[in-house]
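To start, the structure under review is shown below, and the notes come after it.
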Amino acid sequence: MELRKLTDIEIGTVATIDSFTDEETSILLLEMGCLPGESIEISNIAPLGDPIAIKVSGYKLSLRKKEAATILVR
Amino acid sequence: MNKQFNVALIGNPNTGKSTLFNALTGLNQKIGNFSGVTVERKTGKLELNENLTASLIDLPGTYSLYPRSADEHIALEILNSTKNPDYPNVVVVVVDATNLKRNLLLLTQLIDLQLPVVLALNMMDVAQQSGIEIKVTLLAEKLGVPVVAVTARDLQGISALKDAIVQQFEHPTLPSSTINIHGYAPEVIDEIKNYFHINNDYAAFELAHHYHELNNLTQEKKDAIEAIGLKYNFNANKTQVAETIDRYNYINEILSDTVRKNKPALEETRSNTLDAILTHRIFGLLIFFVILFGVFQSIFNWSQYPMNVIENAFIGIENYLTAILPAGILTNLIIGGILPGMSGVLIFLPQIAVLFLFIAILEDTGYMARVTFMMDRLMKNFGLNGKSVVPLISGIACAVPAIMSARSIENWKDRLITIFVTPFMSCSARLPVYTLLISLVVPNKFVFGFLSLQGLILMAMYLLGFVSALLAGWLLKLFIKTKSKSYFLMELPVYRMPRWSNVGITIFNKARTFVVQAGKVILAVSIILWVLATFGPSKDFDAIEKKYATKPSDSTTIALHGTALESKIKAEKLEASYAGLLGKFIEPAIKPLGYDWKIGIALVTSFAAREVFVGTMSTIYSVQDDGESLTTVREKMLEARNPETGELTFSFATVMSLMIFYAFAMQCMSTFAVVYRETNGIKWPLIQLFTMTAFAYLAAFAVYQLLS
């Protein structure tokens, strides 16, 4: 299956984390439980369009689109 | 026999760590700062059994031992060095039982540091309701550390937790390493272990990662670690990625047969529904503004009564002391310097308490995280961060606790800008100044029959403060450069009912911090001001004394007797005092703003604390203290005219210019002191003082010239 940026999937679609495009950001994301192989879902988007809230590793995490775009999902 | 030992409480944010801390220590808490840094240090007495008492320290919430904020850094600093006075004998790791996976990351790191740990599974009640089944005994067996299920909010499992702490203190069980750390950088770890004479792989690995930010290392040691790293091409990022992934693999294996989730958690579903409303595109923002408006209203309405009580109490004390103390310089100091200083601090307590009541509730329920989430996009444009919202809102009450609450912002640049712009927010100390000035020139009329015109102008002043804070942030963004990228990663915790004891303790602690931090500065400054306003070149003072010493038998002074005469003497003395001289000295500089030397005195005296303006005005216009000082000072000010030109001293242009000056100038020594501590240096508070005051001067100048 082809890889897409997390920001390119629709709200409510469950995807699986594949890899990251930015090493520095990936460290923070990994620590917060965004691990390759983990399922991930965009839960909602802030009223002004950014940041977004995602469901991952059993909780809700918010992050800016800039950071979310470094997560590749399948 | 009493044995004293240290227990540390550590855990992710939103795990109910503070609730557990409160449950373990009660109100037996001490708040201070860690030496050399400005992070709040909360300790308490933990009575374990009749002959064993520990000192419990609450470490700031952190997700791992890779710190991101000043708060998180402290945990690393303490746990990394056995010589640290706070180095714990036992560490209690608090985790949210409904969200074990991410919470256990920190635990595995602590185990690998060979620290005796106790795992406290908090919020077990919520976990059970959500259909999460945790096999506690098996979990303890697999992890190799004691595990205790607790529900901190209704004190369940507390005694079992205490027993486990005692057990780990007396006969610690230390499991072997959770992952193979040595493999990430064998040579680096070995050399660091040799150099420091330690035998723990993870401690050495941590040093390789964090040596540059550890305050307890000498430069020589830092250089040595750096050299070792360079020698073997140590890649900090890659090894950290590998470590994190390995840890999660270990955790997944542990959790595979110890935790079972039977149904989608009810709390979570409810939380999602709430999020759909509370962070909705339109309603979300609307609800936020309604809440903000309510908070704003309550700060003023609810605190009115207690503020009057405090004010009257001080008038009572003043009258009492005046009556019983012998007249003299010391009595003057107490009544004219110390008492006003104390009341100047305590008068703001009600507003601060009400504000933190709301902030504590909003934070405890999880709503504040949503506000941060919604506001980040807007704040980002101005060099700020969603997390700047709490400091900015707190700034409405007082910049001192507000600036301290900026500690949770990880990115240094975002935090610095937040600290810098928070004093623009209209704080309580500006309120009496605005109230007095507005009453001078704005008629007490209603627009559309219900909107007070004076109230609208006051609101405009608050809006002006907020807008200038944003603009200042935008400007600073262009000037401050950092290597570290601004990012925003924040947990959105499940919505919960507020825990009232937490809310109460938060209010108590914030109020205490305010009294201690702002209080000592305001008190000291009031005393200095009293000296400046009471003493002057002695020949001028003698002349006044002589003038009034001769009994006023002639007809020119018939109107003056008793208190009125005293007031006149007081006013003339103020004019001759050092403060008065200063006012006259700066008159040429403030004339273009529309101020005379009398206003100059008020500018000088209120330089350390804005609210002093009103008191100075009443002294200058020799108001008799009859409890209605504000009305009287207002009338006197309205009548005041320039003796040369005959024009009103407080013309519309002058008053507007004054309001603008007070809106922008940094006239607060307490803020100066707190910025000094929070930024670890004199540079930023000085820049803040000069730019804000210069801007205030220019803006007031422009306003006066345009309006006059």
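Counting only residues at least eight positions apart within a chain, or on another chain, the lysines with an alpha carbon under 19 Å from that of residue B:222 are B:83, B:193, B:231. Note: relative contact order over chain A, using C-alpha pairs below 8 Å and six or more positions apart, is 43 percent. Taken over the alpha carbons of chain B as equal point scatterers, the Debye sum produces base-10 log I(q)/I(0) values at 0.06, 0.08, 0.09 Å⁻¹ of -0.44, -0.74, -0.89.
Placing unit charges on the Cβ atoms of the charged side chains and taking the dipole of region B:1-263 about its Cα centre, the candidate lying farthest along the positive direction among B:118, B:13, B:245 is B:13.
Given the C-alpha atoms of region B:1-263, compute the convex hull and give its volume per residue in Å³. Show your work: numbers first, answer last.
Numbers: hull volume 33.1 nm³, N = 263.
It is 126 Å³ per residue.
Summed over qualifying helices (DSSP H, 4 residues or more, each -39500 (n - 2.57)) and divided by its residue number, chain B shows a 222 nm mean residue ellipticity of -19500 deg cm²/dmol.
Quick one: Cα convex hull volume of region B:598-708, Å³ per residue? Could the numbers behind the result be given before it?
On the way: hull volume 11.4 nm³, N = 111.
It is 103 Å³ per residue.
Looking at chain B alone, DSSP beta bridges between its own residues are antiparallel in about 50 percent of cases.
If you average over every viewing direction, what projected area does the convex hull of the Cα atoms of region B:286-345 give, in nm²? Each step should come with its number before you reach the end.
Working: hull surface 18.0 nm².
Mean orientational projected area (region B:286-345, Cα hull): 4.5 nm².
If you take every DSSP beta bridge fully contained in the protein assembly as shown, what fraction is antiparallel? Give it as a percent rounded to 5. Could you put the intermediate results ahead of the total?
Values: 41 of 62 bridges.
Roughly 65 percent of the beta bridges in the protein assembly as shown run antiparallel, per DSSP.
Each of B:315, B:329, B:230 was placed along the dipole of region B:212-366 (beta-carbon charges, centred on the mean Cα), and the one lying farthest toward the positive end is B:230.
How many partner chain Cβ atoms sit within 10 Å of a residue's Cβ in peptide A:35-47, on average, as a whole number? Write down the numbers at each step before the final one.
Working: counts 9, 2, 4, 3, 0, 0, 0, 0, 5, 9, 3, 13, 14.
Counting other chains' Cβ atoms within 10 Å and averaging over A:35-47 gives 5.
So, with +1 on the Cβ of K and R and -1 on the Cβ of D and E, and no other charges, what is the size of the charge dipole of region B:1-263 about its Cα centre, to the nearest 20 debye? Each step should come with its number before you reach the end.
On the way: 23 positive and 29 negative charges, 110 e Å.
For region B:1-263, the charge dipole is close to 520 debye.
Averaging sequence separations of C-alpha pairs under 8 Å and six or more residues apart, then dividing by the length of region B:328-480, give the relative contact order as a whole percent. Once divided by the residue count of region B:328-480, the mean separation gives 20 percent. Can you give the Kirkwood hydrodynamic radius of region B:25-149 from its Cα pairs, in Å with one decimal? After inverting the mean inverse Cα-Cα distance, the result is 15.9 Å.
Kyte-Doolittle mean at least -1.0 and Cα extent at least 27 Å along the axis: which DSSP H helices of chain B qualify? Walk me through the numbers on the way to the answer.
Numbers: long enough: B:236-256 (30 Å, -0.60); B:283-324 (61 Å, 1.14); B:453-479 (39 Å, 1.85); B:500-534 (48 Å, 1.22); B:683-707 (36 Å, 1.18).
Those that pass (Cα extent of 27 Å or more, hydropathy at least -1.0) are B:236-256, B:283-324, B:453-479, B:500-534, B:683-707.
Between their Cα atoms, which of B:520/B:591; B:546/B:591; B:547/B:591; B:17/B:481; A:5/A:55; A:65/B:413 are more than 24 Å away from each other? Mind dumping the intermediate values first?
On the way: B:520/B:591 33 Å; B:546/B:591 32 Å; B:547/B:591 31 Å; B:17/B:481 35 Å; A:5/A:55 16 Å; A:65/B:413 20 Å.
Beyond 24 Å: B:520/B:591; B:546/B:591; B:547/B:591; B:17/B:481.
Peptides B:488-500, B:220-232, B:446-458, B:609-621 ranked from most to least packed by the mean count of surrounding Cβ atoms within 10 Å: B:609-621, B:488-500, B:220-232, B:446-458. If you model region B:187-325 as an ellipsoid using its alpha carbon gyration tensor, with each semi-axis the square root of five times an eigenvalue, the axes come out at 54, 36, 16 Å, biggest first.
Projected over all directions and averaged, the alpha-carbon convex hull of region A:4-73 occupies 3.9 nm². Rg of the Cα atoms in the protein assembly as shown, relative to 2.2 N^0.38 Å, amounts to 1.09.
Here region B:330-488 yields Rg over Rh of 1.05, to two decimals, using C-alpha coordinates and the Kirkwood radius. Remark: mean inter-chain Cβ contacts per residue of B:240-252 equal 4, using a 10 Å Cβ-Cβ cutoff to other protein chain atoms. Positive end of the dipole of chain B (Cβ unit charges, origin at the Cα centre): among B:651, B:100, B:205, the Cα lying farthest that way belongs to B:651.
Report the relative contact order of chain B, percent, no decimals, based on alpha-carbon pairs under 8 angstrom and at least 6 residues apart.
Once normalised by length, the contact order is 10 percent.
Among the GluC sites (Glu not before Pro) within region A:27-74, not one is in coil by DSSP while having at most 13 neighbouring Cβ atoms inside 10 Å. Taking only the C-alpha atoms of region B:252-321, the Rg (one decimal) and the largest Cα-Cα distance, Dmax (whole number), read 24.9, 74 Å. The 3J(HN,Hα) values that the Karplus relation (6.51, -1.76, 1.60; θ = phi - 60°) gives for region A:44-49 are, in residue order, 7, 10, 4, x, 8, x Hz. Gly and Pro appear as x.
Using a 10 Å cut-off on Cβ to Cβ distances, tally the other chain neighbours for every residue of B:99-109 and report the average as a whole number. It would help to have the intermediate numbers written out before the result.
Values: counts 5, 2, 7, 10, 4, 0, 4, 1, 0, 0, 0.
The per-residue average across the peptide is 3.
Throughout, read-outs are computed from the coordinates displayed, never taken from laboratory work. Computed from a predicted model, the values in this text were never measured in an experiment. Note that we place each Cβ from the backbone using ideal geometry, even for glycine, and neighbour counts take in every protein chain shown.
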